[in-house]
Amino acid sequence: MPAFAYLDHNATSPVRPAVLDAMLEALGAGGNPSSVHRAGRAARGRVDAARRQVAALAGALPSEVIFTSGGTEANNIAVACTHRERILVSAVEHESVLKAVPRAEIIPVDRNGVVDLAALERMLAGSEPALVSVMFANNETGVLQPIAEIVRLARVAGALVHCDAVQAAGKVPLDLHRLGVDYLSLSAHKLGGPTGVGALAVRADAPFASDRKGGSQESNRRAGTENVAGIVGFGAAAEASRDGLDVASLRDRIEIGLRAIAPTATVYGAGVPRLPNTTCISMPGVKAETQVMALDLAGVCVSAGAACSSGKVTRSSVLTAMGVDPAEAATAIRISSGWNTVSEDIDCLIAAWKGLYIRVTHSDLSQAHAA
Ligand code: PLP
């Protein structure tokens, strides 16, 4: 067990031991899956086995799975592969969707971060067929979207549907066919697999045009020699997470524990279905960066609720879209557990959060007395 409490699985989940073993074996074996000799055939066999494992996780056929370099590439491909003029995306999508289609029409969300279905229906009405891209679960709040209902509305209007399921995979059940979506994005490192590998599941009857030039890998849908060890690791992670994540009781303990310390703390999306592992919560009056640093010093890893890249915290577009006041949004952190989270991690988090809250509120009080 690590010497710290890692509660940032939505950023990346530690590699599972079974994944590491499978990857080391594949790396040691080598081989290019396109080669016809025995080493190539063995590598091909490994990729095919992983494809079956990932397909089972996504409720897709193995032939519908295209391996990519991660969730970002899967999302980039999905929004480009239909060549549809109109693309509708929700206001809370990941930046790998939002930035890939700057011209996209934005579907608003309500105060819980759930897509406004009436607005979507209006946007879909009477226009040329669109592509709708809505995520299964939000990376900051864990809020789940009504995908089946979105698909129903899209079908009536002749629209195609892409669903970014990067944060949902391995946490809640997924089924490409039962959901009826056309494209589904996945990423290995969110479920205990390696970084740098993901997949786009494309329904057999959905249009798909690849802009990528090169070899005929992935049945001509994604050129480039396969990342065999990464794909094998993805397969092992998919297999290990088929039953989903059973951590809702830990999430609830976090929320009850933190709100007992600071009763005015807000849990975002608390009133609607969410992932079992994600809590986005504010500590009134205390900046997210301060919380992240103080918790880190106390041996607890979480992240700022806002998008955080290269150590720079920017305003959360998700909380902004939900209508959260910017000053309040700046006090939100994201706590996300995963396959190796234990009860002691939650104890550490609650104790460290309490320590910080007491320090801050007491220093406020002493300043008030001194004034
Ligand atoms: N989509 C969502 C919802 C995510 O949370 C992330 C990563 O944080 C991505 C896509 C991108 O995945 P990757 O890091 O594999 O490129």
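The values are calculated or read from the model by the stated rules, or taken from the named source; none is laboratory data. Keep in mind that what you see is a predicted model, and the values were worked out from it rather than measured. A quick note on method: Cβ atoms are made from the backbone with ideal geometry, for glycine too, and the neighbour counts reach across all protein chains shown. What goes into the accessible areas is simple: the full protein's heavy atoms, side chains included, and nothing from ligands, DNA or RNA. Shrake-Rupley method; radii C 1.70, N 1.55, O 1.52, S 1.80 Å.
Subtracting the Cα-Cα distance of T314 and V156 from their residue separation scaled by 0.36 nm leaves 53.1 nm. Label sites at V272 and D325, each approximated as a point 7 angstrom past Cα along Cα to Cβ, lie 2.2 nm apart. For the chain, the share of accessible area belonging to carbon and sulfur comes to 56 percent (1.4 Å probe, ligands and nucleic acids excluded). Ranking of E328, E239 by solvent-accessible surface, largest first: E239, E328 (1.4 Å probe, protein heavy atoms only, all chains present). Please check which bits of segment 316-348 a label hung off S249 would reach, taking the label as a point 7 Å along Cα-to-C-beta and the cut-off as backbone N under 11 Å. Answer for this model: 343. Between the helical axis of 288-297 and the longest alpha-carbon principal axis of the chain there is an angle of about 90 degrees.
Here r is the Cβ-Cβ distance between L117 and R41 and R0 is 51 Å; the resulting FRET efficiency, rounded to 0.05, is 0.55. For the chain, the longest principal axis of the C-alpha atoms and the axis of helix 17-29 are separated by about 40°.
Ranking of C301, C280 by solvent-accessible surface, largest first: C301, C280 (1.4 Å probe, protein heavy atoms only, all chains present).
Largest GNM mean-square fluctuation across Q145, Q217, Q291, computed for the chain with C-alpha springs under 10 Å, falls on Q217.
Residues W353, W339, ordered by accessible area of protein heavy atoms at a 1.4 angstrom probe radius and largest first, appear as W339, W353. Using just its DSSP H runs of length 4 or more, each adding -39500 (n - 2.57), the chain gives a mean residue ellipticity at 222 nm of -12000 deg cm²/dmol after division by all residues.
How much FRET efficiency would the formula 1/(1 + (r/R0)^6) give for D364 and D211, where r is the Cβ-Cβ distance and R0 is 45 Å, rounded to 0.05? Once the sixth-power term is evaluated, E becomes 0.25. Remark on R86: its backbone amide H falls under 5 Å from those of L131, a criterion applied only to residues 5 or more positions apart or on other chains, H modelled at 1.01 Å from N. Helix 248-261 and the longest principal axis of the C-alpha atoms of the chain enclose an angle of approximately 20°. In summary, the aspartates and glutamates within cross-link reach of K171, defined as a Cα separation below 18 angstrom excluding same-chain residues under 8 places away, comprise D8, E140, E239, D243, D246, D252. A simple rule links phi to the HN-Hα coupling: the Karplus curve 6.51 cos²θ - 1.76 cosθ + 1.60 with θ = phi - 60°, which for segment 271-285 gives x, 10, x, 9, 4, x, 10, 10, 10, 10, 9, 9, 10, x, x Hz, with x for Gly and Pro. For K287, a cut-off of 17 angstrom between C-alpha atoms picks up these lysines, skipping any fewer than 8 places away in its own chain: K312, K354.
A Förster radius of 22 Å, combined with the Cβ-Cβ distance separating T264 from K287, puts the computed FRET efficiency at roughly 0.85.
All other residues whose Cβ lies under 12 angstrom from that of A154 are scored, Lys and Arg at +1 and Asp and Glu at -1, for a net of +1.
Using a probe of 1.4 angstrom and keeping all protein chains present, the accessible surface of segment 17-240 works out to 39 square angstrom per residue.
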